[in-house]
C-alpha cells in the first residue's frame, strides 16, 4: 500500500548538464538553485526559508551556505539528467512518466506555413501573415507563432487576448494546428495583455519569430488560461495510466493536469502556487491506502521566464511551506514523496529561456533509515520507475522500460 506523491518544481535545476552550452555557450554556468539562493540572500537580506527542501536533502544534493548539509529525515537523494533534447516542460513530464522522448522534432513555424494555413482554412478560419512575416493571424484575433520561451523550434503557440476571443475559440484553433504540427507541443494561450499582441512580436533565436509572452502582461494580469496539446504518445504505457488501470486513484494537479494524459485521473488545474499546494494537501488527506498524486508548481518557471530572482525565491518559500506540511501527512510506511524538476530556468542567466540543467531527485520514505546518496540518473524516467515500483507496478511495462530503482 502506498500513497505516492510526485511534486515537480517547474524550472528548478541544480547545475548545468555537460552539453548545456551547445545552443547558448553562456548556459554552461546555469545553476537555478544556487543563483536563486545567492540572489535572494542579497536582495532580501536573509536566506530563503526552505525547511521542507532542507529536510528532504536539497543541501546534500546541492551544497550551499544557506542549505543544511544533512537532514533528519530518511531520504534517498541525487540528481537526474533530463533524458530528452533541450529543456522543455512537456517533454520533461512525458519522460518522467515513462515515455521515450529522446527524439523531439524541432521545426520553425515559418517552414510549415502552407500546411498550417491549409488546415486552418479547411476548418473555416481566415488566415493571413502578420505584416508579411512568418507567423499567422487567424480570425483577426489569434496569433499562431513560434514559442520563444523554449529552445527554438520545440513548440508552437496559438495566443489571443481573451477580450478578443473566448479561450475555447483559441483552443479550437490550436487543435487544428496540432493536426499538422510536427513539434512536441502546440500551446493554446489566452490572457489579458497590456495592448494589442502585434506590438509584442519579436525575433527569437534560430530564425524563429513569435510573441514575447512575458512582455504582454499575460503572466501579471490574471485570468491566464493555457492548454498543452502534445505530440502522439502511447499514454497507456505511462505511469498515470498504468496506475489507474491497476486500480490506483490518480490525481493530476497544476500544470500536470494540462500536460499529462490519463482518462481516469482526477484533474485539478491551477497556476497559483497556493492553489497547487492546497489541492495537493487535500488530495493526500482524502487518499485511501493507495494513490498517485502528481503536482506541478508552475510559478517557479514563470519567475524564471520573467528573470525575477526575488519572485522565484518567494514562490519557492510558498511551495516549501506546502512540502513541509506534506511531509507530515505522509507518515505511513509505504508512503513515498519525490520532489524533482523538469529542467532549469535560471533567472540570472541573461535570457528568458529554460536552461539545460540536472534536476534534484529528493525521495522520502517514512520508516526508511538514514541518508542514501544516489548516482546521477541518466534520465527523468528514473522518477516514474521509482514511483511505479512503490505502487507495485511492473516497471518493464513503462514505454521506456525499467529505470534505476
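Key figures
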quantity	calculated
Filter result for residue 370 (modelled with pLDDT of 95 or more and either within 24 Å of residue 59 (Cβ to Cβ) or crowded, with 22+ Cβ neighbours inside 10 Å (or both))	no
Any hit, the stretch 119-128, residues being in contact with a strand residue (DSSP E or B) (Cβ under 9 Å, 6 or more places away or on another chain) and either under 30 Å from residue 387 (Cα atoms) or assigned to a helix (DSSP H, G or I) (or both)	yes
Hits in the stretch 201-232 - residues which are over 17 Å from the mean Cα position of the chain (by Cα), modelled with pLDDT under 90 and on the phi < 0 side of the Ramachandran plot	205, 232
Residues located in the stretch 315-360, provided they are buried (at least 18 other Cβ atoms within 10 Å of the Cβ) and free of Cβ contacts under 8 Å to residues at least 12 places away in the same chain	none
Residue that is surrounded by the most Cβ atoms within 10 Å (Cβ to Cβ), among those in the stretch 48-66 that are touching a helix residue (DSSP H, G or I) at 6+ places or on another chain (Cβ under 6 Å) and in a helix (DSSP H, G or I)	53
Filtered residue count, the stretch 329-364, keeping only those that are over 24 Å from the mean Cα position of the chain (by Cα) and modelled with pLDDT under 95	4
Unique match (being in the same structural domain as residue 261 (by TED's automatic domain parsing), in contact with a strand residue (DSSP E or B) (Cβ under 7 Å, 6 or more places away or on another chain), within 23 Å of residue 96 (Cβ to Cβ) and touching a residue at least 24 places away in the same chain (Cβ under 8 Å)) among 243, 188, 181	243
Selection within the stretch 28-47 - surrounded by 19 or more Cβ atoms within 10 Å (Cβ to Cβ) and in a loop (DSSP other than H, G, I, E, B)	30, 31
Residue pairs meeting the criteria (Cβ under 6 Å; at least 6 apart or on separate chains; first in the same structural domain as residue 140 (by TED's automatic domain parsing) and on the phi > 0 side of the Ramachandran plot, in the stretch 114-128; second assigned to a helix (DSSP H, G or I) and modelled with pLDDT of 95 or more)	none
Of all residues making up the stretch 335-375, the number that are assigned to a loop (DSSP other than H, G, I, E, B), in contact with a strand residue (DSSP E or B) (Cβ under 6 Å, 6 or more places away or on another chain) and more than 26 Å from residue 155 (Cβ to Cβ)	3
Residue that is surrounded by the fewest Cβ atoms within 10 Å (Cβ to Cβ), among those in the stretch 182-192 that are in a loop (DSSP other than H, G, I, E, B) and modelled with pLDDT under 95	182
Candidates 208, 176, 213 - the one that is in contact with a helix residue (DSSP H, G or I) (Cβ under 6 Å, 6 or more places away or on another chain) and either touching a residue at least 40 places away in the same chain (Cβ under 8 Å) or more than 24 Å from residue 308 (Cα to Cα) (or both)	176
Any chance residue 102 is in a strand (DSSP E or B) and surrounded by fewer than 20 Cβ atoms within 10 Å (Cβ to Cβ)	no
Members of the stretch 74-87 found to be buried (at least 20 other Cβ atoms within 10 Å of the Cβ) and in contact with a strand residue (DSSP E or B) (Cβ under 7 Å, 6 or more places away or on another chain), listed by number	75, 77, 78, 79, 80, 87
Strands (runs of 3 or more DSSP E) completely within the stretch 193-279 that count 2 or more residues being surrounded by fewer than 21 Cβ atoms within 10 Å (Cβ to Cβ)	201-203, 225-230, 266-268
Of the criteria (1) within 28 Å of residue 35 (Cα to Cα); (2) in contact (Cβ under 8 Å) with a residue 60 or more places away in the chain; (3) surrounded by 22 or more Cβ atoms within 10 Å (Cβ to Cβ), which one residue 292 fails	(1)
Residue that is surrounded by the fewest Cβ atoms within 10 Å (Cβ to Cβ), among those in the stretch 153-172 that are in contact (Cβ under 8 Å) with a residue 60 or more places away in the chain and farther than 19 Å from residue 195 by Cα	154
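The values are calculated or read from the model by the stated rules, or taken from the named source; none is laboratory data. None of the values given here were measured: they were computed from a predicted structure. Neighbour counts are summed over all protein chains in view; Cβ atoms, including those assigned to glycine, are modelled from backbone coordinates with ideal geometry.
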